[in-house]
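In what follows, a structure is listed as structure tokens, so that the remarks can point back to it.
Quick note: the coordinates plus some simple rules give every number you see, no bench work behind them. On a predicted model such as this, the values are computed, not experimentally measured, just so you know. Here the Cβ is made from the backbone with ideal geometry for all residues, glycine too, and neighbour counts use every protein chain on show.
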Amino acid sequence: MSAVVTERPVRRYVEHVMGMPISLALRGRHTADAAALDAWAEAMATLRDVDRVFSTYRTDSHVSRLDRGEITLAACPPELLEVLALGERWRQESGGAFDVRRGDASGSFHLDPSGVVKGWAVERAARPLRLLADTDFCLSAGGDMACVAAPESAPWRVGIEDPLDLDAVVAVVPVRCGAVATSGLARRGAHITDARTGRVPTRVASVTVVADDLVRADLDATAAFALDAEAATWLAARGSTGVVVWADGRREVVSAGRG
Amino acid sequence: MVNGMERGVRRIVFGALSTVTVVVLLFGYRTSTEGPATTAALPAITPVTTTESSDTTGPSTPTTTQTPTATQTPTATQTTQAPKATQTTQAPKATQAASSPKTVTGDQEQTQWGPVQVELTISDGSITDVAVPVYPSGNGRDAEINSYALPQLVQETISAQSANIDMISGATVTSDGYLRSLQSALDKAGL
């Protein structure tokens with residue numbers, strides 16, 4: 001191994017599932033051979049399985065049937081419990097701003113664990129990719145990603161989209177082994193609210209979190225976004241790293257370093 | 001306001017959550033995020049194929065009904081960490097109108113993994129490259145150690161095309177919106 005960081009060509013794959021694009025970047029030994037294609041197919045199969053259980057858009061998913069009271073938790077896969085447990089943990093840690101129970105305009109509540117599911121699902125889907133020897137990967141579901149790069153290759157360079165100008169980036173994060181997630185309303189409209197009030201955040205434009213794994217990154221980003229004006233202080237208090245872009249265009253780096 | 005069905009929903013969900021705290025105790029959230037060492041331990045998702053006719057009679061209380069009084073209170077553990085003040089970082093100033101590319105090297109920043117330094121290449125007033133010459137990669141052979149640098153703010157003028165970026169993190173891109181996204185442009189370049 002030389003001290004020089006080697007530039008390795010990147011091979012990319014894209015498919016759509018759960019209503020969003022799944023992008024995979026591979027570099028290293030297995031990028032287009034049978035091992036790579038098998039791992040990619042397995043990753044996608046995992047995401048489709050997750051969608052069948054968790055989708056709030058599919059009336060036949062376990063989540064939809066649970067929400068309608070047609071089945072009980074006992075009839076659901078144990079993974080649903082795991083996801084609800086994660087949601088509950090972040091509900092507590094965010095003081096209730098994040099919640100898998102979503103109130104609608106009429107005042108009734110519905111089960112919507114999609115704020116937990118994406119990051120959790122990508123971590124599961126990434127497992128076959130982690131087993132590819134001498135291969136770097138970055139697996140993204142609609143802008144939230146888990147990345148691994150070997151010590152001798154360059155870190156992945158993740159650009160953080162400018163929520164106020166979607167053709168530009170506000171920051172770059174070099175990631176060797178970790179995850180990046182961004183929450184905001186720039187592309188899907190008002191789908192994140194403060195669960196305590198039902199209000200759509202107005203002070204914050206986007207929250208990006210960099211963490212060891214995508215479960216934490218995704219949940220932290222979503223919960224911080226729901227906390228609106230408190231986003232940066234909340235992230236800092238729990239030792240998270242990220243970038244907050246405020247609605248007025250200010251950008252703030254939150255650092256988990258020990259300084 | 002709340003009709004019978006909605007109450008049913010609430011009960012189910014609240015019932016679910018009390019069960020769930022037990023699950024948290026048992027496994028901790030790390031179960032879903034272990035690295036390759038434990039890959040084989042978790043079963044694939046197995047959608048239940050049995051009919052739930054007996055379950056439709058109404059919300060049933062979970063079989064495990066331990067009261068979750070013993071749940072670790074994550075808020076308490078979190079607050080023991082010394083909160084690090086957030087810092088607003090200024091993007092390095094680029095000198096204007098340099099016709100030839102120019103390199104600006106930032107100060108070294110200490111992160112918990114070691115020092116990080118960033119180098120920007122500026123051409124015609126916009127950043128054309130962001131390099132990280134000093135990166136905390138430990139001893140160099142410890143694969144799979146979680147590591148990432150601090151996000152580096154860049155100038156407003158930077159465009160993804162010119163920034164040598166591998167992936168884009170942004171608010172959830174839908175399949176409909178994907179074709180107009182930066183990630184789409186990157187993916188096309190590599191297909």
Item checked: Among A:Phe98, A:Phe225, A:Phe109: highest mean-square fluctuation, GNM of chain A, C-alpha pairs under 10 Å -> A:Phe109
Checklist line | Residue (of A:Gly103, A:Val83, A:Leu24) at the positive-pole extreme of the range A:1-113, dipole from beta-carbon charges | finding: A:Leu24
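What is the order of A:Cys76, A:Cys138, fewest Cβ neighbours within 10 Å to most?
The order, fewest Cβ neighbours first, is A:Cys76, A:Cys138.
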Next item on the list: Count, for each residue of A:75-83, the Cβ atoms from other chains sitting within 10 Å of its Cβ, then give me the mean as a whole number.
Entry: 6
Check: What is the distance, in nm, between label points placed 7 Å from the Cα along the Cα-to-Cβ direction at A:Ala41 and at A:Arg203?
Finding: 5.1 nm
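In debye to the nearest 20, how big a dipole does chain A give about its Cα centre with +1 on each Lys and Arg Cβ and -1 on each Asp and Glu Cβ? Let's see the in-between values first.
Working: 30 positive and 35 negative charges, 25 e Å.
Charge dipole, chain A, about its Cα centre: 120 debye, nearest 20.
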Checklist line | Two-site label geometry, A:Leu131 and A:Arg29: point separation in nm, points 7 Å out along Cα→Cβ | finding: 1.5 nm
Notebook entry, point to check: So what is the orientation-averaged projected area of the range A:31-81, using the convex hull of its C-alpha atoms, in nm²?
Noted result: 4.3 nm²
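Rounded to the nearest whole Å³, what is the per residue volume of the convex hull around the Cα atoms of the range A:51-166? Walk me through the numbers on the way to the answer.
Numbers: hull volume 18.4 nm³, N = 116.
Hull volume over Cα atoms, normalised by residue count, gives 158 Å³.
Taking the number of other C-beta atoms within 10 Å as the exposure measure, put B:Met167, A:Met18 in order starting with the fewest.
Numbers: B:Met167 26, A:Met18 22.
Result, fewest neighbours first: A:Met18, B:Met167.
Report relative contact order for chain A in percent, whole number only (criteria: Cα-Cα under 8 Å, sequence separation at least 6). It would help to have the intermediate numbers written out before the result.
Details: 517 pairs, mean separation 41.9, N = 259.
Dividing the mean separation by the residue count of chain A yields 16 percent.
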